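What follows is calculated from the coordinates using simple rules that are stated; it is not laboratory data. All figures in this text were calculated on a predicted structure; none of them were measured in a lab. A quick note on method: Cβ atoms are made from the backbone with ideal geometry, for glycine too, and the neighbour counts reach across all protein chains shown.
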Amino acid sequence: MYMIEVLTSGVFDTIQDKGRFGVQNFGVPYSGVMDSYASNLANSILGNAQEAALIESTFTGPKLKFHINTMISITGAQMQPALNGIAIKNNTAISVNSNDILSFGKLQYGLRMYIAVLGGFLTEEKLFSRSMYTNITSKFRLQRGDMLPIHSSDARRSITFSAIKIDSDHFHNPLIDVLKGPEFDKLSPLQQEALYDIELTVSNESNRMAYQFNERFKNDLAPIITSLVLPGTVQLTPSGQLIILMKDCQTTGGYPRIFQLTSASLNRLSQKIFGDKTRLKCKK
Amino acid sequence: MGYNLTYRHFSERSILVEWPSDINENILRDVLGFKNRLEHSNIKDIVQINSAYSSLLVIYVSTIDNVYDEIKRLKVEYSSRDCLDRLVFKLWEIPVCYDKEFGIDLEEISEEKNCSISQIIQLHSQPIYTVYFVGFLPGFLYLGGLDKGLHFPRKVSPRLQIKKGAVAIGGAQAGIYPNASPGGWNIIGNSPLEFFNPNHDIPCFAKAGDNIKFIPVDRDVYNQILMDVQNGRYHIKSQDVYD
């Protein structure tokens, strides 16, 4: 097998692909990449299928040693990538040789970075996906010493090496577009009015399951009989907290669902870090 | 006869169908009947349908262009669902050991309810439960049918670690923890069965609409079943139930 070795892991590195589908009636979360705009780009640069599995790193990157010649691409958050200590660019194809070491520095912008390899990572597949999740895959995150299998490098392709220009809006635009959720109409007109356009501060409780915010919104919504939710569902708790469910969320929930994010907004939110301001906006 | 359903555009790719907000078996059967109907319909754009107590989430392959047309199609399917095939469900026999070592909340419930532990075990293992849906954790069965005498509020602060297989009571519901996890339900016993196996394409033996009966077993039988389960030799007893 052709391998990439994890010398050290970052704050939170996982293998992700598009996630699990068709198994939610067994309580299995969707999982999958948080920012599919960035991950699709990483795979496209290498000519991979969009379903190819990649590394998703949050806040800091891992240190990887290659035991194979291959190609990689790095997209999403800018974490000062370097190959054998020499700075390399995001958003371009990079040739990597056996014994090369890929490392990262400090986070410059964004929060989640994607590392794609030619053909994608071939780690274990459970329930039709390689996305790591507790009690589904044998590991829920990458750790020092992990050996990650990939395809042979025979197919090192001729790829344009020029960096692709990224819309910086994706990282810096605070706007999160939402649609009305099933329980929005149960809010009083006054409460509705107060929620159409709100500024929110990402709290440090945010992770792959949900984003939370510092602000509180008074409401008298009753809990609902446990019903269905999706990544992007915005719940409002009795204490006034807004919870935006993300890719590793449960499949059902009992808090009122007042909004639903568009998929483009879900990608954008995934790049927001605690302390960031965002603006939730719903069309009237 | 049918219920008065509401249909809403939920995400760009899904429509939420809601029944009157209530937990009962008639609604559950109608929810699962409609789901079955849609799964056998020729609406090709539907990729999956998720169910809960009184709702369905119909997920499409891509962004829904015309929501009103799509809702119209769903309504037609609902009104023609009387020519459904009869749904077949299973009744599963789930062995449970109610030893105090497992049933760490038995004494508290016994004191609060002023009834003996053997009465609790009897009340818990007598009814036939219904699986309303699987949620919270992969493989966590939400069971309806708990005897009123056993309704017991969830813990104010959840425990950090509940044992795999823990048989639990949360308010008016019964459930089983498929894996070790944090949780706020009251623990009265443990089942040696595997409720979630990610190595199987169908990772849970039970599904929404199935029935469950708890069979009290002593520690020796529990240990024997646990060994058989680990060696892949245990066959869970079940029978077909016709709607």
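Laid out as a table, the results:
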{"item": "Length-normalised contact order of chain A in % [C-alpha pairs under 8 Å, at least 6 apart]", "result": "22 percent"}
{"item": "Prolate/oblate/rounded call for the range B:10-67, Cα gyration tensor, a/c under 1.5 rounded", "result": "oblate"}
{"item": "Per-residue Cβ neighbour rank within 10 angstrom, fewest leading, A:LYS247, A:LYS65, A:LYS126, A:LYS277", "result": "A:LYS277, A:LYS65, A:LYS126, A:LYS247"}
{"item": "Residue with peak Gaussian network fluctuation, chain A [Cα springs, cutoff 10 Å], from A:SER239, A:SER270, A:SER36", "result": "A:SER239"}
{"item": "10 Å Cβ neighbours from other chains, averaged over peptide B:138-146", "result": "3"}
{"item": "Coordinate range along principal axes, alpha carbons of chain B, Å, largest first", "result": "58, 39, 34"}
{"item": "Exposure proxy ranking, count of Cβ atoms within 10 Å, fewest first, for A:TYR133, A:TYR196, A:TYR255, B:TYR68", "result": "B:TYR68, A:TYR196, A:TYR255, A:TYR133"}
{"item": "For chain B, built as a Gaussian network whose Cα springs stay under 10 Å, the top-fluctuating residue of B:GLY135, B:GLY189, B:GLY232", "result": "B:GLY232"}
{"item": "Net charge dipole size for the protein assembly as shown [Lys, Arg +1 and Asp, Glu -1 on Cβ; Debye, nearest 20]", "result": "1040 debye"}
{"item": "P(r) of the range A:2-167 over all Cα-Cα pairs, binned every 5 Å from zero, in whole percent", "result": "2, 10, 19, 24, 23, 14, 6, 2, 1, 0"}
{"item": "Square roots of 5 times each gyration tensor eigenvalue, C-alpha, chain A, largest first, Å", "result": "37, 20, 15"}
{"item": "About the Cα centre, charge dipole magnitude for the range B:6-83 (Lys/Arg +1, Asp/Glu -1 at Cβ), debye", "result": "100 debye"}
{"item": "Of A:LYS247/A:LYS281; B:LYS35/B:LYS213; B:LYS164/B:LYS213; A:LYS180/A:LYS277; A:LYS63/A:LYS165; A:LYS63/A:LYS106, pairs whose Cα-Cα distance is over 23 Å", "result": "B:LYS35/B:LYS213; A:LYS63/A:LYS165"}
{"item": "Dipole of the protein assembly as shown [Lys/Arg +1, Asp/Glu -1 at C-beta], most positive-end residue of B:GLN230, B:ILE162, A:PHE21", "result": "A:PHE21"}
{"item": "Residues of type aspartates and glutamates that A:LYS218 reaches as a straight line, Cα spacing below 14 Å, ignoring anything fewer than 8 places off in the same chain", "result": "A:GLU193"}
{"item": "Net charge of Cβ neighbours under 12 Å - reference B:GLY171; Lys, Arg +1; Asp, Glu -1", "result": "+3"}
{"item": "Exposure proxy ranking, count of Cβ atoms within 10 Å, fewest first, for B:HIS151, B:HIS235", "result": "B:HIS235, B:HIS151"}
{"item": "Size of electric dipole in chain B: Cβ of Lys, Arg +1 and of Asp, Glu -1, about Cα centre, debye, nearest 20", "result": "200 debye"}
{"item": "Inter-part distance where the range A:56-128 and the range B:34-59 are each reduced to a Cα centre, Å", "result": "39 Å"}
{"item": "Shielding score for B:174-180, defined as the mean number of other chain Cβ atoms within 10 Å", "result": "1"}
